[in-house]
2 protein chains.
Amino acid sequence: MTTIHDLQTPALLIDRGALERNLATMSAALPGVRLRPHVKAHKCTALARMQAQAGHATFTCATIREVEGMAAAGLGDDLLLANEVLDARRLGAVVESGARVTAAIDSEETVASAVDGGVLEVVVDVNVGLPRCGCAPADAGRLADLARARGLEVRGVMGYEGHLMLVADVEERRKQVEECMARLLAAHADVGGDIVSAGGTGTYAVNTWANEIQAGSYALMDTAYGAVADLPFEQALTVLGTVISTTGPAEGIPGWAVVDVGLKSLGMDHGNPTVPGGVVWFCSDEHTTWQPEPFESVRLGDRARVLPAHVDPTIALHERMWLVDGDDVVGELPVDLRGW
Amino acid sequence: MTTIHDLQTPALLIDRGALERNLATMSAALPGVRLRPHVKAHKCTALARMQAQAGHATFTCATIREVEGMAAAGLGDDLLLANEVLDARRLGAVVESGARVTAAIDSEETVASAVDGGVLEVVVDVNVGLPRCGCAPADAGRLADLARARGLEVRGVMGYEGHLMLVADVEERRKQVEECMARLLAAHADVGGDIVSAGGTGTYAVNTWANEIQAGSYALMDTAYGAVADLPFEQALTVLGTVISTTGPAEGIPGWAVVDVGLKSLGMDHGNPTVPGGVVWFCSDEHTTWQPEPFESVRLGDRARVLPAHVDPTIALHERMWLVDGDDVVGELPVDLRGW
């Protein structure tokens, strides 16, 4: 049996039990097509296959590479690229290969790129309050008409209330989601089609207006979501490191330890990682320096599990994840959807 | 001729002229073995080969993968792993293959791992003031004796004054570097050997005590180093994106644009990137939302060059870099030293 002590560090570990419980909890709440799992969260077709086995045959992607990889892995029954592209030729090639690809459009130019690239189906992306992509709700019908006039099938609308994922109070979150979804439903009335796609892990339970939820983080979870007390998902991902250097207390300076997990193996946009049983001082390219409490609790050569502050960009830095049961390694999951 | 308009975005661009000037400037200041270029900054054997052509046959690495990749690329004349490892077997295999590998040691355990792994040569890593790896200066001689007793060749010492790279005032920087190097030279007196290795881009000119400088950032440079006015190097790396969505000013809210460069194509540990001609609002996984000034200066489909806040971890997220001359693409540089 391979154990975590045999792994080259840094290495991503997924707690199998936590992952399986997260998948089961979400699939019970949003069975089948009510959930359109977002693969950007894990960039891993093996993990997407576990979501498919849990009953979800439709997926959300953020990049062309994710669409291509999912189709190549045989998971292309219904792929939504929930993002705008101005050159859709690679998406057209995926459609040619037999997968179903729906692209988001929010402008005349993105309609034209879908047509020119060989994409056959679109949803109208509507700005519901997050200042990012998406047309004004009142403009959605016009874009749908234009798309249909250009020969595209318009399947409905999407709109992402991403700014509400971390609203701590669940009733306040529900109220604000309702306001956002009122904009999306108004657009949907003008656009038509079957799909009203929205939401994420933070709003999966309170967004009862969308008919499919684009959640991804729920599978492995994020430290930031820890502030959202009502979410029933467990943090399943850690970065395994090796303690490569220790310096004992001296001259009033507390002792510190160094683990070989740094900026290049951690998503840092939400700040420093956490090392349980200690206080992180700073990260370098390949190191995190932290103060174990007490110092004697850590020894050179120990393995340490570091909690990244943001899971999605952490995974994007790694070639693979290891599925573990305690210290036993029970599977390898290649991160095969990286790049663009 | 391929131009930047043909590239899939996001894409890393290296300004060829700036890179060539940076390489030439550094090689004039620190010719040959006076510079031991650090490949962690670019993780690219093609770029390392340009440094070798500029006269530098010795290199610094931060990871085992970097050592393996450099050796496999024929750049293994003298590779220093300036980092501690507790399992050196893969390094021993590189030595077996005919490359020269020197590992850093700072403890009895790292001496043992070098011996057990088949590494033949080491330097003693000395803590000169940055709380990370490295033994106490007074302990360096004991570790060197131990290493020699175990049959290792001890080539000298290294010590990284990384906390001084961004000291803005050059005289203050020089003074603090001198204090750090006094510790390193004291250790060297006990250790012996030819190598006194230290420094980085921020201290390459003021560290006159080390006999080789481990600079890496100078080739492509970093936004953070912009605060260090005396450095003669130019920022050579940008992330090319496509403007995929724009929303005009309305109801007192200024207009914004979205470029397809986000958390997953940017090192974020130093904060948000910069978009020239605008103000960045926030980054998402695959987007940066910013306010162009004036709004009319940006059009949907435009290419935008985003300046990452930190170059090293930005590169680690990409598969390749494109060498450009203006908008012309004149070369492709694979980022082939990623992973561990």
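The values are calculated or read from the model by the stated rules, or taken from the named source; none is laboratory data. Please read these numbers as outputs of a predicted model, since none were measured by experiment. So basically every Cβ, Gly included, is an ideal-geometry build from the backbone, and we count neighbours across all protein chains shown. Ligands, DNA and RNA are stripped out before the accessible areas are found, and what is left, the full protein with its side chains, is counted by its heavy atoms. Shrake-Rupley method; radii C 1.70, N 1.55, O 1.52, S 1.80 Å.
Summary of computed values
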{"read-out": "Cβ-based net charge around A:A41, under 10 Å, with every Lys or Arg adding one and every Asp or Glu removing one", "value": "-1"}
{"read-out": "For A:129-138, mean number of other protein chain Cβ atoms within 10 Å", "value": "4"}
{"read-out": "Solvent-accessible area buried by pairing A with B, both sides, nearest 100 square angstrom, 1.4 angstrom probe", "value": "4200"}
{"read-out": "Residue and distance (whole Å) for the chain B Cβ nearest the axis that superposes B on A", "value": "B:M268, 3"}
{"read-out": "Which of B:T201, B:A112, B:L23, positive extreme of dipole for chain B (C-beta unit charges)", "value": "B:A112"}
{"read-out": "Relative contact order of chain A, pairs being alpha-carbon contacts under 8 Å that are 6 or more residues apart, as %", "value": "21"}
{"read-out": "The protein assembly as shown: Lys pairs at Cα distance under 18 angstrom, eight or more positions apart or on different chains", "value": "7"}
{"read-out": "Accessible area per residue in Å² at 1.4 Å probe, computed on region A:75-126", "value": "33"}
{"read-out": "Cα-based equivalent ellipsoid of region A:226-301: semi-axis lengths in Å, sorted from largest, via gyration tensor", "value": "25, 15, 12"}
{"read-out": "Residues in region B:1-31 that, when all protein chains are in place, have 50 Å² or more less accessible area than the chain alone would give (probe 1.4 Å)", "value": "B:Q8"}
{"read-out": "Spread of Cα-to-Cα distances over 10 Å intervals beginning at zero, given as percent, for chain B", "value": "6, 24, 30, 22, 12, 5, 1, 0"}
{"read-out": "Rg/Rg_globular for region A:109-162, with Rg_globular taken as 2.2 N^0.38 Å and Rg from C-alpha atoms", "value": "1.10"}
{"read-out": "Diffusion constant of the protein assembly as shown at 25 °C, which comes from Stokes-Einstein with the Kirkwood Cα-pair radius and 0.890 mPa s, µm²/s", "value": "93"}
{"read-out": "Cβ neighbours within 10 Å from other chains - mean over B:289-295", "value": "1"}
{"read-out": "Average projected area [Cα convex hull, region B:27-171], square nanometres", "value": "9.1"}
{"read-out": "DSSP H segments from chain B that extend 18 Å or more along their own axis, Cα-based, with Kyte-Doolittle mean of -1.0 or above", "value": "B:16-29, B:170-191"}
{"read-out": "Å² of accessible area per residue within region A:217-322, as computed with a 1.4 Å probe and no ligands counted", "value": "34"}
{"read-out": "Accessible surface of chain A [probe 1.4 Å, protein heavy atoms]: carbon and sulfur percent", "value": "50"}
{"read-out": "Compactness relative to 2.2 N^0.38 Å, alpha carbon Rg of region A:1-112", "value": "1.24"}
{"read-out": "Relative contact order, percent, region A:261-340 [alpha-carbon distance under 8 Å, six or more residues apart]", "value": "30"}
{"read-out": "Average partner coverage of B:281-287, which counts Cβ from other chains inside 10 Å", "value": "6"}
{"read-out": "Near-label residues of region A:107-147 by backbone N, under 16 Å of a point 7 Å along Cα→Cβ of B:R299", "value": "A:108-110, A:112-113"}
{"read-out": "Separation between Cα centres of region A:227-262 and region A:39-67, rounded to whole Å", "value": "30"}
{"read-out": "Value at 222 nm in deg cm²/dmol, rounded to 500, when DSSP H runs of n ≥ 4 in chain A each add -39,500 (n - 2.57)", "value": "-7500 deg cm²/dmol"}
{"read-out": "Kirkwood Rh (inverse of mean 1/r, distinct Cα pairs), region A:143-237, angstrom", "value": "14.3"}
{"read-out": "Where labels lie 7 Å past Cα in the beta-carbon direction, separation of B:R89 and A:D116 in nm", "value": "5.4"}
{"read-out": "Hydrodynamic radius (Kirkwood) for region B:190-255, which is based on Cα pairs only, to one decimal in Å", "value": "15.7"}
{"read-out": "By average C-beta atoms within 10 angstrom, highest first, the peptides B:43-54, B:206-217, B:123-134", "value": "B:123-134, B:206-217, B:43-54"}
{"read-out": "Label point 7 Å beyond Cα along the C-beta direction, distances from B:G193 to other copies (nm, shortest first)", "value": "6.4"}
{"read-out": "Percent breakdown of C-alpha pair distances by 5 Å bin, ordered from the shortest bin, for region A:190-340", "value": "2, 8, 15, 17, 16, 14, 10, 7, 4, 3, 2, 1, 1, 0, 0"}
{"read-out": "Inter-copy separations for B:H5, label at 7 Å along Cα-Cβ, nm, ascending", "value": "6.1"}
